[in-house]
Amino acid sequence: MADMSMRGPVDLAALAAAKKQENAAPVPGAYLTTLTAAGLNAEVQLSAQVPVIVLFVADGAAGELGTTLEAEARRRDGQIRIAVVNASTEAELVQAFGVRTIPMGIALVGGQPVPLFQGAPTTAQLTELVNQLLAAANRAGVAGRVSGKADEAGEAPVNPHHLAALEALDRGDLDAAEAEFEALAAEDPDSEVAQVGRAQVRLLRSTRGQDPQAVMAAADAGGPGDAAAQIAAADIEVAAGRPDLGFTRLINAIKVTSGDAREELRTHLLELFTAVGADTEVVRSARRDLASALF
């Protein structure tokens, strides 16, 4: 695929096209979707109207990075769309985009790739990257919007409590988000959305304000027997989009601990499984490893 600079000369025809798209009705579709090789062509076509950020993650779970990008899309009224790729199962897409680091973000603008980031940028860095992306897209005549309404894309409507929780997450109000997920659980005790949402809120709360380097250094210093330090480090890894590392860390700690410390590690690991998603391959694999460690 060809490359496209984030900066370039002004194209008056492209600017006119961009202005026309700005005034057009939004394209039906969610702010965030899952992308497989079979769906790539549709996203490439969409990128002629709306910049699409292709987010490669370890196991298909969007994680905190995906949540932050989705919040950017919502805050900007659908000026970007996020397409999450499971790098462990979508080898064709990994090869096509030349992905070598996970997580990684590559935008599509008019069908052309725009490298955005490798690793896990901060929220402030992501905001600036999206600003630059939108400026480049506007110069290329791409300035449309997606509606953000899942039911227009043929999916089930979002429960009002779920929607309110997502809006609270956009504001950074974790207490309000948790309350909405609790209300959703009260309506439907079997709601997987509520279970996952509550677990993700707790994960976000545990990592908020933490210095990742300091947390990882403390875990290294304490060793696998320091349950609290290993839990804190695992939370950082999972929130950064590397649940495989966080799960392995806790399972290794479980192998060398006993009693209350071991139970605390096991319970927290199960909580992280919920946050990431029970149906993801990384969780299924970690469950097998956990069973071996326990028995």
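The values are calculated or read from the model by the stated rules, or taken from the named source; none is laboratory data. Quick caveat, the model's predicted, so the values are computed rather than measured. Heads up, the Cβs are rebuilt from the backbone with ideal geometry, glycines too, and the neighbour counts pull from every protein chain shown.
Brief remarks follow.
- Breaking point among (1) farther than 21 Å from SER206 by Cβ; (2) crowded, with 20+ Cβ neighbours inside 10 Å; (3) modelled with pLDDT of 90 or more, for ALA137: (3)
- Candidate set from the range 161-180 (those that are among the hydrophobic types (A, V, I, L, M, F, W, C) and more than 30 Å from VAL44 (Cα to Cα)); member that is modelled with the lowest pLDDT: ALA168
- Criterion: over 23 Å from the mean Cα position of the chain (by Cα), of a type outside the set (Ser, Thr, Tyr) and crowded, with 17+ Cβ neighbours inside 10 Å - qualifying residue of ASP190, ASP226, ASP220: ASP226
- Residues located in the range 140-160, provided they are touching a Lys or Arg at 6+ places or on another chain (Cβ under 8 Å) and modelled with pLDDT of 90 or more: VAL146
- Among the conditions (1) over 26 Å from GLY78 (Cα atoms); (2) of a type in the set (A, V, I, L, M, F, W, C); (3) touching a residue at least 12 places away in the same chain (Cβ under 8 Å), LEU129 misses just one, which is (1).
- Taken over the range 81-100, the criterion of being of a type in the set (A, V, I, L, M), out of contact with any strand residue (DSSP E or B) (no Cβ under 6 Å at 6 or more places or on another chain) and in contact (Cβ under 8 Å) with a residue 40 or more places away in the chain is satisfied by ALA96 alone.
- Test: GLY277 is loosely packed, with under 15 Cβ neighbours inside 10 Å, within 24 Å of the chain's Cα centre (by Cα) and at positive phi: no
- Residues of the range 274-295 that are touching a Ser or Thr at 6+ places or on another chain (Cβ under 9 Å) and free of Cβ contacts under 8 Å to residues at least 24 places away in the same chain: none at all.
- Condition broken by ASP59, with the remaining ones in (1) under 16 Å from THR34 (Cα atoms); (2) touching a Gly at 6+ places or on another chain (Cβ under 9 Å); (3) not in a loop (DSSP other than H, G, I, E, B) satisfied: (3)
- Residue among ASP235, ASP260 that alone is more than 18 Å from PRO121 (Cα to Cα), in a helix (DSSP H, G or I) and not aliphatic (A, V, I, L, M): ASP260
- Within the range 66-154, strands (runs of 3 or more DSSP E) holding 3 or more residues that are of a type in the set (Val, Ile, Thr) and under 18 Å from the mean Cα position of the chain (by Cα): 81-86
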